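To keep things clear, I will list the structure first and then write my remarks on it.
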Amino acid sequence: MEYIPYAGSGPYCYANSLAMMLGNAAPSLAVIEFATSSPFGMQLVGGNLAFFDPYGWDPSKGLDACLKAAGWTSTLVVGRDADGALAQLRQALRKGPVFVGPVDMGRLRYYPDSGSLSGADHYLVVLGIFDDWVELHDPHGFPHATLPLGDFMEAWKAVAIAYGEPYMMRTDFRRVEEVSEEDVIRRSLDNARRWLSMDGAHDMPPGSVGNGRAAEQLAMLIQTKYDPELRGHLVHFAVRVGARRVADAATCLSRVGYKDAACIMAAQARLIGSLQYSLVEGDIPLATETLRRLAGTYEQLRIALGDR
């Protein structure tokens with residue numbers, strides 16, 4: 001059966017924000033996400049927080065690699081404190097929009113459900129500051145959103161975000177090399193293999209596991225402690241973004257001739273995507289069966305990525 005790539009909206013916040021900053025020369029969202037290595041693995045952080053992305057990975061670790069593969073540079077700026085960060089942001093805005101994040105979604109009060117989003121990381125593009133209001137493009141469906149400056153600064157402080165530092169932004173995006181999308185994908189393969197292998201040192205909390213073990217332990221966790229917090233994280237974010245990342249990666253791999261790896265990632269995407277129903281409905285036997293089927297695919301993918 002022909003694999004049909006997904007098109008649609010969803011929680012692709014940093015990829016969409018980066019695409020806005022790069023403009024007409026930006027790679028497709030699928031290629032941006034591929035180049036960050038986000039689709040290549042699974043992690044259960046601290047034994048209880050699941051993500052369908054590599055062990056030890058977070059967006060801040062993938063953005064520089066993505067820009068390099070695509071032939072771009074940028075300047076990462078980290079504010080010393082609120083006053084210093086705001087001054088730096090105002091200065092940067094004189095040149096144009098600014099890529100900002102991570103920010104805490106729970107502080108973005110234009111979200112109708114912001115009170116339930118505390119600690120969820122997010123990325124956006126700041127367009128300007130006018131009379132103590134911030135105007136921004138939020139890629140999760142809020143173009144030209146506005147927010148009181150004080151609320152924005154609290155979101156940007158990101159105290160509840162488990163990675164990065166407060167007041168992070170990227171400026172001065174500059175294209176230094178023209179790279180085709182296929183070459184961006186090829187340039188990103190070594191990083192994909194490295195992240196999937198889980199090799200190297202990772203600053204992870206006790207109880208963290210990756211790939212097949214993460215899938216198996218999540219299955220056990222769902223059987224014993226499927227509480228509203230775990231359910232909410234999985235059905236509102238982790239499954240949706242995970243399935244899309246992996247589906248996009250399957251398409252990218254197919255474009256550069258990695259047919260076996262593409263088939264495995266297409267199978268992963270179908271498994272992850274199918275979790276949405278069972279987790280929403282609380283069909284624990286079906287969800288655990290799906291996760292155990294998913295567990296074996298990570299080693300298969302590691303082997304396939306070594307071959308065409």
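The values are calculated or read from the model by the stated rules, or taken from the named source; none is laboratory data. The structure presented is a predicted model; accordingly, all values stated were derived computationally and were not measured. A quick note on method: Cβ atoms are made from the backbone with ideal geometry, for glycine too, and the neighbour counts reach across all protein chains shown.
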How about the stretch 160-278: which helices (runs of 4 or more DSSP H) wholly inside it have at least 1 residues that are of a type in the set (A, V, I, L, M), in contact with a Gly (Cβ under 7 Å, 6 or more places away or on another chain) and assigned by TED's automatic domain parsing to the domain that holds S28?
189-197, 239-255
In the same structural domain as R107 (by TED's automatic domain parsing), touching a Leu at 6+ places or on another chain (Cβ under 9 Å) and more than 23 Å from L22 (Cα to Cα): which single residue out of F142, F152, F130 fits that description?
F152
Across the stretch 80-116, what is the total count of residues that are assigned to a helix (DSSP H, G or I), closer than 17 Å to M21 by Cα and touching a residue at least 40 places away in the same chain (Cβ under 8 Å)?
2
Taking the conditions exactly as written (modelled with pLDDT of 95 or more, farther than 30 Å from R187 by Cα and in contact with a Phe, Trp or Tyr (Cβ under 8 Å, 6 or more places away or on another chain)), does A92 satisfy them or not?
no
Over the stretch 80-123, the set of residues of a type in the set (D, E) and over 22 Å from S60 (Cα atoms) is D83, D113
Residue identified as among the charged types (D, E, K, R) and buried (at least 20 other Cβ atoms within 10 Å of the Cβ) among D53, D81
D53
Consider the stretch 126-159. How many of its residues are touching a helix residue (DSSP H, G or I) at 6+ places or on another chain (Cβ under 9 Å) and part of a strand (DSSP E or B)?
10
Mind listing whichever residues of the stretch 152-169 are more than 11 Å from M105 (Cα to Cα) and of a type in the set (D, E)?
E165
Across the stretch 205-254, which residue is nearest to S180 (Cα to Cα) among those that are surrounded by fewer than 16 Cβ atoms within 10 Å (Cβ to Cβ) and in contact with a strand residue (DSSP E or B) (Cβ under 9 Å, 6 or more places away or on another chain)?
P205
